[in-house]
Amino acid sequence: MITASRDQLAEQLRALIDQEGLGPGDRLPTHEELSHRLGVGIRRLREGLSVLRQQGLIVTKRKGGTVVAAPSIERLGDPIAWHLERKGYTFQDMVEARASIESSIAGMAAARRSARDLLGMLDAIEQMEKSEGDWRAAEQADQLFHQALLRATGNPIMQVFGQLIAAQFRRKAQEPMIQGLDVVARGVAEHRAIYHAIERGDRPQAQKRMHDHVVGQLDEWRAARMQNAGTGEFT
């Protein structure tokens, strides 16, 4: 029996999954087989599997055994959020990071967008317009716009990082932003400006419009905190 640490064992398990060519939904070998192949006891094996489970790479079903998990930004985002919270960061830190990354994404989209990508962005903007002050509907439409923007980059790495930082942004902005027709209308106008810059293929303008849009949300968040603090909703 070897004396690998739980993290080393988890790495060996990841390598085994790759070597076996296992994909989402595929079942891992039994614990007995894994124990034999890796040269570890069942108890030690479970420690390594627990690391992969915490990382969202595998899931254990009551009757289906342990299988490779389907890709999920939410699962990937959980450990990132955990580390960020313990390291400590502010909403301003998050806004600055998102503004930098998403402005680059907008610039890339301006250079690579297809007619289908543009249609997805325009459809999201129209849904935002039709939300009629429904904050949840407007927020869902906003997410659809940014998803279409990410697809327009044609870069799978940018798509993953873009979704990750957007998810962390939503986590940090759990306190409600200022809500109302004027805020939604302003959001629609800003998204249309981003859209038109991308439609024209104007990379510098797309980057600037996106940067200004994201940074503007910091002002809204601060105003919401002050407003709600005054009403005693939260401190």
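Every read-out reported here was derived from the displayed coordinates using simple, explicitly stated rules and does not represent laboratory data. Remember, it's a predicted structure, so these values are computed and weren't measured experimentally. Quick reminder, even Gly has a Cβ in these numbers, built from the backbone with ideal geometry, and neighbours come from all protein chains shown.
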Given Cα pairs under 8 Å that are at least 6 residues apart, what percent is the relative contact order of segment 73-154?
34
Computed over the chain: relative contact order in percent, which uses C-alpha pairs under 8 Å that are six or more apart:
21
Name the residue, out of ASP134, ASP142, ASP78, whose mean-square fluctuation peaks in a Gaussian network model built on the chain with Cα pairs under 10 Å.
ASP134
Where q = 0.09, 0.13, 0.19 Å⁻¹, what log10 of I(q)/I(0) comes from the Debye formula for segment 92-210, counting one point per Cα?
-0.22, -0.47, -1.03
Around ILE58, which amide H atoms from residues at least 5 apart in sequence, or from another chain, sit under 5 Å from its own amide H, with H modelled in the peptide plane?
ARG53, ALA69
Computed magnitude of the charge dipole of the chain (debye, nearest 20; Cβ of K, R +1, Cβ of D, E -1):
780
Over all distinct alpha-carbon pairs, what is the Kirkwood Rh of the chain in angstrom?
20.4
Unit charges at the beta carbon, dipole of segment 74-231: most positive-side option, MET94, MET108, VAL183:
MET108
Helix 181-200: inclination vs the chain longest Cα principal axis, degrees, rounded to 10, gives 80
So for R0 = 35 Å, FRET eff. of ALA137-SER50 from the Cβ-Cβ r, to 0.05, ends up at 0.30
What is the Cα coordinate range of segment 6-68 on the first, second and third principal axes, sorted by size from largest, in whole angstrom?
25, 22, 21
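When only C-alpha pairs under 8 Å and at least 6 residues apart count, what is the relative contact order of segment 7-145, in percent? Write out the running numbers ahead of the final one.
Working: 94 pairs, mean separation 24.0, N = 139.
Relative contact order comes out at 17 percent.
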Of LYS130/LYS208; LYS87/LYS130; LYS130/LYS172, pairs whose Cα-Cα distance is over 30 Å:
LYS87/LYS130
